[in-house]
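These notes concern the structure reproduced below.
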Amino acid sequence: MGSGGGVPDLTVIVDGANVVGSRPDGWWRDRAGAAERLRRSLEPLTSVPGDVVGWPEVESFPARVVLVLEGQAKGAGLGASPIETVLAPREGDDEIVAQAKIAVSRGDLVLVATADRALIDRIERAGAQTITPTRLRNLAEA
């Protein structure tokens, strides 16, 4: 649990492939570059409003952001960033579920950004919530 008197910590896990693929901006020509642009765009995401995670009585939660990359996107630059980047050893979905289970087992609220229907079902069974790629990008731009 978090340090705020019974308020849990928040971990936001980003399905890099799905979020990058949600915008037809030429990402398929340079997957590593697209993943790096996504990572940079997420850096402002330092907190999430409580109502987004079902805690309207909490103004906002500091956010630990984990970006999961797979395949050709794993060539993205991994320089200094507040975004934790995890390179999936095999399937990105399996790594996302594993990261969600770890955070849930710590007692964190877990919010996974994806629009992948099969992954959403797995995430919810693991005890995490989901958010759409568009909503994630809007939170990062707020």
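The values are calculated or read from the model by the stated rules, or taken from the named source; none is laboratory data. None of these values were measured; they are calculated from a predicted model. In this analysis, Cβ positions are derived from the backbone assuming ideal geometry, glycine residues included, and neighbour counts consider all displayed protein chains. Just so you know, the surface numbers come from the protein's heavy atoms only, side chains and all, with ligands and any DNA or RNA stripped out. Shrake-Rupley method; radii C 1.70, N 1.55, O 1.52, S 1.80 Å.
Each helix, a run of at least 4 DSSP H residues, gives -39500 (n - 2.57); summed and divided by the residues of the chain, these come to -10000 deg cm²/dmol at 222 nm.
On full extension, the segment bounded by residue 135 and residue 57 gains 26.0 nm, given 0.36 nm per residue less the C-alpha separation. Stretching residue 90 away from residue 40 to a fully extended chain increases their span by 15.6 nm, per 0.36 nm per residue minus the current alpha-carbon distance.
Extending 7 Å from the Cα toward the beta-carbon at both residue 106 and residue 121 defines two label points whose distance is 2.9 nm. Think of the chain as having a plus end and a minus end, set by charges on the Cβ of Lys, Arg, Asp and Glu; of 20, 114, 49, 20 sits farthest toward the positive end of this dipole. Accessible area per residue for the stretch 34-142 is 50 Å², calculated with a 1.4 Å probe on protein heavy atoms, without ligands, DNA or RNA.
Per atom type, the chain shows carbon and sulfur on 49% of its accessible surface, probed at 1.4 Å.
For the chain, the dipole from Cβ point charges (+1 on Lys and Arg, -1 on Asp and Glu) about the Cα centre works out to 320 debye, to the nearest 20. Rounded to the nearest whole angstrom, the semi-axes of the ellipsoid equivalent to the chain, taken from the Cα gyration tensor as √(5λ), stand at 24, 16, 14, largest first.
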